[in-house]
Amino acid sequence: MKRRTALTAWGAAIAVAAWAGFTAYKSHAVAMELVNPPFYRPQPLEVVSRTYAELAKGDGSDPGGTWSTEEFDGLQLWTLHRAKPSKGLVLLLHGFGDDRWGTSPALKWFPDQDAAIFTYRRRDDALRAGLNAPLVTFGARESEDVARVVRHLEAKGLVRNRILLMGRSLGASVGLLALAQLESDKGGPLAGLIWEGAPASSRAFGEALVRGPKDRLWHAMVAPLAGRFGSGWAARKGGYFVRDTDVLARMDRLTLQTPALCFLATEDRLASPDAQRRMADHFNTVRVLEVPTWHLNCSTLLGPHYARAIRNFTDDVLEAR
């Protein structure tokens, strides 16, 4: 009897140790991916230049324009100026494991507006130069960059209610965090915000990474802890707090006056559909289009209706100003 009890105790201890070790392994993997997306590689500058030249030429659905670039406060902003006077400017925000080049084709959804792009903290330039690139902070520092760009545009004479933000995936979280900051400073609303698939926080995203596309029996025991410890580990490495990435916490008690358009991917496991609905509730004026897919796939599933929804929203909010 004592032998059986001892064996049972040893078995339980081994099981607990295995669970703790696996959770630690997953936590480490989450932390590393949050601060340095393993799938991201910046494109060579010649590829970037070629893409920008093609975008400047335009095509049947987009008139193109002329690029200008400027540096300020450690950032580099690229702006495509349309040949015809534009009623506004859209600031395109790139997602997780992306940069200004990766998001630049999205300007085609705004054929009548000037468009601006930049890479948060110039991370792409640092990596191309072989330097120690700034770690990704999952919106904590990136949203501050967006607010700085908006204020820079204002200082140049562009009225805030002529500036739109658009972001997908982490770019959506960055846009929401930046908007909460900008409206809190009593500077008034922007022209509009368009978002798709905003992760609720680094912790929520970390847990979702562990859960992956399908449910497993072990997820309930590992995923929440890995999301919590992994996001905390990443925050310590990046020098920020997990709460600084929490979109709903930053929006708490705010009713945002900036009009919004949300593409809500109802089957998403990385950006909770419930969280998107709760984010939308913080807007005084919001249009929500529910699409039965994951985020980043809404444009594919909707086809031309995606661009039409963006254009209708943009035209409406700029005409109202």
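Out of Ala234, Ala198, I need the residue that is surrounded by 24 or more Cβ atoms within 10 Å (Cβ to Cβ) and within 21 Å of Arg122 (Cα to Cα). Which one? Give the steps one after another, and end with the answer.
Numbers: Ala198 fails: within 21 Å of Arg122 (Cα to Cα).
Sole residue among the options that is surrounded by 24 or more Cβ atoms within 10 Å (Cβ to Cβ) and within 21 Å of Arg122 (Cα to Cα): Ala234.
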Task: Test: residue in region 211-221 that is surrounded by fewer than 24 Cβ atoms within 10 Å (Cβ to Cβ), more than 14 Å from the chain's Cα centre (by Cα), at pLDDT below 95 and aromatic (Phe, Trp, Tyr) - done: yes
TODO: Select from region 196-217 the residues that are outside any helix (DSSP H, G or I) and touching a residue at least 12 places away in the same chain (Cβ under 8 Å) and list them in ascending order.
DONE: Glu196, Gly197, Ala198, Pro199, Ala200, Ser201, Gly212, Pro213
Open item on the list: Among the residues of region 270-278, are any surrounded by fewer than 21 Cβ atoms within 10 Å (Cβ to Cβ), within 21 Å of Val90 (Cβ to Cβ), touching a strand residue (DSSP E or B) at 6+ places or on another chain (Cβ under 7 Å) and at pLDDT 95 or above?
Closed with: no
Open item on the list: Can you tell me how many residues within region 65-102 are buried (at least 16 other Cβ atoms within 10 Å of the Cβ) and either closer than 20 Å to Glu144 by Cα or outside the structural domain of Leu135 (by TED's automatic domain parsing) (or both)?
Closed with: 16
Open item on the list: Of the conditions (1) surrounded by fewer than 20 Cβ atoms within 10 Å (Cβ to Cβ); (2) within 19 Å of the chain's Cα centre (by Cα); (3) not assigned by TED's automatic domain parsing to the domain that holds Leu135, Glu207 satisfies every one except a single condition; which number is it?
Closed with: (1)
Task: Residue selected from region 54-89 under the condition closer than 19 Å to Arg162 by Cβ and basic (Lys, Arg), by the criterion farthest from the chain's Cα centre (by Cα) - done: Lys84
- [ ] Give the number of residues within region 140-176 that are farther than 20 Å from Val286 by Cβ, in contact (Cβ under 8 Å) with a residue 60 or more places away in the chain and of a type outside the set (A, V, I, L, M).
- [x] 4
Task: Selection within region 29-62 - surrounded by 15 or more Cβ atoms within 10 Å (Cβ to Cβ) and under 20 Å from Glu207 (Cβ atoms) - done: Ala29, Val30, Ala31, Met32, Glu33, Leu34, Val35, Asn36, Pro37
Task: Residue tally, condition part of a loop (DSSP other than H, G, I, E, B) and closer than 25 Å to Ala204 by Cα, over region 273-308 - done: 8
TODO: Give the number of residues within region 222-257 that are under 18 Å from the mean Cα position of the chain (by Cα) and either at pLDDT below 95 or not in a helix (DSSP H, G or I) (or both).
DONE: 3
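The values are calculated or read from the model by the stated rules, or taken from the named source; none is laboratory data. It should be emphasised that the depicted structure is a prediction, and the values quoted were computed from it without experimental measurement. For neighbour counting, all protein chains shown are included, and Cβ atoms are generated from backbone atoms with ideal geometry for every residue, glycine included.
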